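The values are calculated or read from the model by the stated rules, or taken from the named source; none is laboratory data. None of these values were measured; they are calculated from a predicted model. In this analysis, Cβ positions are derived from the backbone assuming ideal geometry, glycine residues included, and neighbour counts consider all displayed protein chains.
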């Protein structure tokens, strides 16, 4: 029964490796296998085409345009190889690609140990094997095959190891570059391998670095150059750290220099029983045989089919499709995590803004607790109460009899008193708070601007913004440069000045005019009453003095007795004075009612003003920042959801193809 290894994990991380393998049938002419329908191959080719078309939308979601072509080209190259594997009928050698993560990994010695022939007598072949990197023009890629070709990066070796499998081998060595660890992906040839092998030295390569590498899901990890190959505790710890959730042995321990030394020991005295025993012991202990067997398990997985090469190609194609879709899924999941992180930051910044909108008005408008009070008092009411006491004293001193002699100074007296006592302590407190709010405004502004510039980049590669925020950043700059953004000492105290102006301009001016009108009315009334009293008195004295006196009273007395006229005149004088005094008291009450009404309006105005300053000046940048980022996140979420749905559909189609070809 043919076998095909298909892992259940995403390319892009070696975490959560496959827990078991699947057996899959692909070849269309196997005498010992069930035959799949032609539609299965066509479906796989269609799936490859859809996956290739999905590359650009995915990377447009996760990267800015300047970084898009390079990454897309790598995956497109891999999927092109997938297409060749599925559609081509030409036989090709099995690809074994060996990548050493650094110069101390021992990858070169591993290839030498695999290809070394203890019984070989061709010195030219030995020299070609050991000096192979000197025979090619390439410094980072070398291909070894049993077939001659004209490629400058290839050499020909007639090693029996290359021909002992059901399919001839082609081994490609990849040397690490200085930027290997900073790349998102390894060279594309590593993803095209039928057997990708990653070699590392546990003494020089941290396992945490290996966990972040983007490698194919069927990669075989070789820990080389270890002096403690038989230390089961070390092996178990390394395996558990590298593959914490796997029971599958995808990690092998080997000592290539030991295997090479074993071969040299045998060659030095091939007829010696001791040399032969040392060779067998050291070569077996080196673990090279386990590496060779791991390669055989893959390359010969289709040995029982009519076309092992076609089977291996199809197996590799399915793994490439599987890894490509899972890599795209992994990238989308990374973006989703970044979006969730930004939303969390938006939530936190929004919470700080809302907390400030509640706390700042309370801190400003609620005075400190007194020694006998368990809670704070309303600062506006406290200030108005204090000012009212002083204002009452001023009005009480301004009686009518004092007003008569200073009637033209009423506006000045009352106005200066209002200017001196109208919430003066509250005004000073608000000016002080304006300075504090200016500092708080800078903190919120910095938080908002930094949040926008920081959260628009992915965590894995800060040079690629998660989404462009130039419009939002420009909007924040316009807000900061706006004249209405700047806080002044009177930003909070402006309602106090407006209400004081209202009290002076209308109520105090009216009080002044009413005082003049009352004085004029009293003057007219007392003058008229005095005239009537005088005429009645003169009429009373002149009743018997002649016609002249009697005639005057007859004219002004309206038929009254002179004594009655005297009483009417005196009553008019008293009434005028009383009218003026009563009118003055009423006008003062009206002015006082205006004081209380304006004071209540001041309380409302200050609450509104503080809320407006906090909302439109102190936290405006932070508010625009978190609202703008929330909108960008929502927009990007729609793109992510669409791409994620497409990936999920393709993965479902791949699972359907695999499930129908299970043996």
Being out of contact with any strand residue (DSSP E or B) (no Cβ under 8 Å at 6 or more places or on another chain) and not assigned by TED's automatic domain parsing to the domain that holds residue 290 narrows it down to one residue among 134, 116, 84; which is it? 84
Complete set of residues in the range 597-609 that are within 14 Å of residue 387 (Cβ to Cβ) and without any contact (Cβ under 8 Å) to a residue 40 or more places away in the chain: 600
Conditions (1) in contact with a strand residue (DSSP E or B) (Cβ under 9 Å, 6 or more places away or on another chain); (2) surrounded by 16 or more Cβ atoms within 10 Å (Cβ to Cβ): number failed by residue 360: (1)
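Each row is one residue, and each column tells you yes or no for (1) surrounded by 15 or more Cβ atoms within 10 Å (Cβ to Cβ); (2) within 29 Å of residue 198 (Cβ to Cβ); (3) not assigned by TED's automatic domain parsing to the domain that holds residue 170.
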residue	(1), (2), (3)
252	yes, yes, no
255	yes, yes, no
259	yes, yes, no
270	no, no, no
276	yes, no, no
279	yes, yes, no
287	yes, yes, no
293	no, yes, no
296	yes, yes, no
Answer yes if at least one residue in the range 141-161 is closer than 24 Å to residue 203 by Cβ, in contact with a strand residue (DSSP E or B) (Cβ under 8 Å, 6 or more places away or on another chain) and surrounded by 12 or more Cβ atoms within 10 Å (Cβ to Cβ), and no otherwise. no
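This table checks each residue for (1) outside the structural domain of residue 497 (by TED's automatic domain parsing); (2) over 23 Å from the mean Cα position of the chain (by Cα); (3) more than 30 Å from residue 324 (Cα to Cα); (4) part of a helix (DSSP H, G or I).
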{"site": "578", "(1), (2), (3), (4)": "no, yes, yes, yes"}
{"site": "595", "(1), (2), (3), (4)": "no, yes, yes, yes"}
{"site": "604", "(1), (2), (3), (4)": "no, yes, yes, yes"}
{"site": "628", "(1), (2), (3), (4)": "yes, no, yes, yes"}
{"site": "637", "(1), (2), (3), (4)": "yes, no, no, yes"}
{"site": "648", "(1), (2), (3), (4)": "yes, yes, no, yes"}
{"site": "654", "(1), (2), (3), (4)": "yes, yes, no, yes"}
Residue identified as within 13 Å of the chain's Cα centre (by Cα), surrounded by 12 or more Cβ atoms within 10 Å (Cβ to Cβ) and either outside any helix (DSSP H, G or I) or at pLDDT 80 or above (or both) among 447, 491, 460: 447
Filter result for residue 518 (at pLDDT below 85, crowded, with 19+ Cβ neighbours inside 10 Å and over 60 Å from the mean Cα position of the chain (by Cα)): yes
Quick check on this structure: which one of 336, 344, 320 is touching a helix residue (DSSP H, G or I) at 6+ places or on another chain (Cβ under 9 Å) and surrounded by fewer than 16 Cβ atoms within 10 Å (Cβ to Cβ)? 336
Pull up the range 298-308, narrow it to residues that are over 48 Å from the mean Cα position of the chain (by Cα) and crowded, with 21+ Cβ neighbours inside 10 Å, then point me to the one that is nearest to residue 89 (Cα to Cα). 308
Checking residue 186 against (1) buried (at least 19 other Cβ atoms within 10 Å of the Cβ); (2) in contact with a helix residue (DSSP H, G or I) (Cβ under 7 Å, 6 or more places away or on another chain), the condition it does not meet: (2)
